[in-house]
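The values are calculated or read from the model by the stated rules, or taken from the named source; none is laboratory data. A quick note: this is a predicted structure, and the numbers were derived from the prediction, not measured. Heads up, the Cβs are rebuilt from the backbone with ideal geometry, glycines too, and the neighbour counts pull from every protein chain shown. Note: areas computed on protein heavy atoms with side chains; ligands, DNA, RNA excluded. Shrake-Rupley method; radii C 1.70, N 1.55, O 1.52, S 1.80 Å.
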Amino acid sequence: MTAKPPQGFEVPLHRSLTEPILMGGVPRLVAILNGTLAAAIGLGLRLWVVGIVVWIICHAASVYAAKKDPRFMEVLVRHIRHKGYLSC
């Protein structure tokens, strides 16, 4: 038996307000970091092919992770900050 909320307390919410902003299927910050790293390698070190390969690999890995969890960067940061339970 589901209880209905009282009248006037139900608000329609558009789906775009709850989903993260993605650029090319990747969270915005990750896309900017991938592009900056690839540009630094390609332009700064003049290793064009390596820069393009790094961008393709990083972007593909990020798209894969974002398909599993669109907020994977927040989870990764929280995981890194969390202390190990049984650490020596």
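Just a few scattered comments:
- Search result, residues across the stretch 33-48 that are of a type outside the set (Ser, Thr, Tyr), open to solvent by 80 Å² or more (accessible area, probe 1.4 Å) and under 22 Å from ARG71 (Cα atoms): LEU33, LEU37
- For beta carbons closer than 6 Å, sequence separation of 6+ or different chains, a first residue in the stretch 57-80 that is free of Cβ contacts under 8 Å to residues at least 24 places away in the same chain and closer than 25 Å to ILE41 by Cα and a second that is in a helix (DSSP H, G or I) and of a type outside the set (Gly, Ala, Ser), the qualifying pairs are ALA65/PHE72.
- Checking each residue in the stretch 49-74 for being more than 16 Å from the chain's Cα centre (by Cα) and either at pLDDT below 95 or open to solvent by less than 60 Å² (accessible area, probe 1.4 Å) (or both) picks out GLY51, VAL54.
- Against the numbered list (1) of a type in the set (Gly, Ala, Ser); (2) at pLDDT 85 or above; (3) out of contact with any Phe, Trp or Tyr (no Cβ under 6 Å at 6 or more places or on another chain), GLY42 comes up short only at (3).
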